[in-house]
Each structure stands twice: as C-alpha cells, then as structure tokens.
Amino acid sequence: MEGIPAMTRIPAIALDFARPAAALGRAGLVLLVLGAAGLAAAGLHYRAVAQEARVREARVTQLREMAQRTLPALESGADASPEAREQVRRANEVLGQINVPWSELFAAIESAQHEDIALLAVQPDARARSVSISGQAQDMTGVLAYMGRLEAGGRLREVMLIEHEIKVKEPAQPTRFTLNARWMESQ
C-alpha cells in the first residue's frame with residue numbers, strides 16, 4: 001500500500017468526570033468564612049430593622065388611639081361664679097373643637113378631589129358640623145360631578161351649591177363655586 005499514508009496513532013484523552021473531591025484550598029476557606037460573616041451581619045441588621053419597625057408601628061398605633069379619644073366636657077359647680085361658668089363654657093367650646101374628627105373631614109374632601117377641581121378654601125364650622133368649600137372648576141359639569149363625589153364618599157351629606165360664577169373674562173372661562181355640606185362622624 002504504497003499510496004496510502006500510514007496512520008498515526010491519536011493519543012487517548014483522559015476524561016475524569018468523577019474526580020475525587022480535593023481538599024478545600026485556602027481561597028475556598030477564606031470565601032467560606034467571609035460568606036458566613038456577611039450572612040451573620042445581614043441577620044443582625046435585619047433584626048435591628050425589624051425591631052425598629054415594631055417600635056414605630058406601636059407608636060403609630062398609640063398616636064391613632066390618641067387621635068380617636070374624645071375629651072370629656074367640663075362641668076361647673078352649682079356654687080360657681082358667673083366668671084367661672086363662662087370659663088367652663090369657653091373651655092367646653094375648645095374641647096368640642098379638639099374632639100372634632102378633622103382628619104376624617106379632610107380625608108372625605110380629598111377623596112373626592114379630581115384634576116379638574118382646584119380648591120380655594122375649606123372653612124369648617126365645628127359647632128354646626130358643616131363645612132364651606134370654595135373652588136374653581138373647568139365648567140359647571142365638573143362642579144356637579146364634584147358634588148356627587150362628595151356625597152358618594154359617605155362622610156358628607158346635604159351638599160348644596162351656594163353660589164357659582166362663570167369667569168367670562170378669563171381665557172378658559174372657569175366656574176368658581178361655593179358649596180356647603182354637613183359631615184357625619186364615623187361610629
């Protein structure tokens with residue numbers, strides 16, 4: 001076989017898929033220690049943050065309970081002077097205003113807010129449990145929709161349009177309005 005070149009022998013390839021585990025090198029040991037230290041630090045940080053969150057949640061709960069409390073009215077004795085009775089009356093008026101659920105009232109007004117309404121003034125009357133709301137809308141339809149949202153919120157009732165004015169001299173001709181409403185306290 002003269003024309004055929006001689007075959008050369010290819011060396012065998014040694015593939016060792018089941019190589020025995022080598023002893024852990026220094027680099028591996030250092031990485032293991034660093035990883036364990038990092039895990040411990042993260043665990044301590046989590047514990048501190050979780051404790052702080054519990055403390056803050058307890059404080060929020062305490063503040064909410066304080067906001068819900070009502071202060072009792074003061075009474076003047078039968079033998080009190082007219083000046084003392086007047087002071088007790090004024091103190092009871094102040095207590096009446098402190099006991100008003102202001103956050104509920106303003107939340108009801110804010111929940112009805114829409115981008116086409118700009119509130120100009122909110123004037124609550126604690127004694128009458130009523131509120132006067134002045135604002136500006138793009139048009140009368142926006143005012144009526146706002147009134148509907150206020151009533152639908154459940155906290156305000158008897159929402160009435162007291163006055164309105166279309167500003168014809170202004171470019172977009174907005175409608176200024178004043179509403180009155182009575183608010184109901186949650187039970």
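The values are calculated or read from the model by the stated rules, or taken from the named source; none is laboratory data. Note that the structure is a prediction, hence the values are computed from the model and not measured. Using ideal geometry, Cβ is built from the backbone for each residue, glycine included, and neighbour counts are taken over all protein chains shown. To get the accessible areas, we keep the full protein, side chains included, count just its heavy atoms, and leave off ligands, DNA and RNA. Shrake-Rupley method; radii C 1.70, N 1.55, O 1.52, S 1.80 Å.
Here are the numbers for the structure shown:
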{"read-out": "Sole exception among (1) of a type in the set (A, V, I, L, M); (2) free of Cβ contacts under 8 Å to residues at least 40 places away in the same chain; (3) open to solvent by less than 40 Å² (accessible area, probe 1.4 Å) for ALA172, by number", "value": "(3)"}
{"read-out": "Output for the range 59-84, where each listed residue is at pLDDT 75 or above and open to solvent by 60 Å² or more (accessible area, probe 1.4 Å)", "value": "ARG59, VAL60, THR61, GLN62, LEU63, ARG64, GLU65, PRO82, GLU83"}
{"read-out": "Matching residues, the range 123-144, being charged (D, E, K, R), over 15 Å from MET184 (Cβ atoms) and surrounded by 14 or more Cβ atoms within 10 Å (Cβ to Cβ)", "value": "ASP139"}
{"read-out": "Qualifying positions in the range 123-139 - free of Cβ contacts under 8 Å to residues at least 40 places away in the same chain and within 14 Å of HIS164 (Cα to Cα)", "value": "GLN138, ASP139"}
{"read-out": "Subset of the range 146-184 [within 14 Å of VAL122 (Cβ to Cβ) and assigned to a loop (DSSP other than H, G, I, E, B)]", "value": "ARG155"}
{"read-out": "Test: residue in the range 146-157 that is aromatic (Phe, Trp, Tyr), open to solvent by 50 Å² or more (accessible area, probe 1.4 Å) and under 30 Å from ARG64 (Cα atoms)", "value": "no"}
{"read-out": "Unmet criterion (only one of (1) touching a residue at least 40 places away in the same chain (Cβ under 8 Å); (2) surrounded by 14 or more Cβ atoms within 10 Å (Cβ to Cβ)) for LEU120", "value": "(2)"}
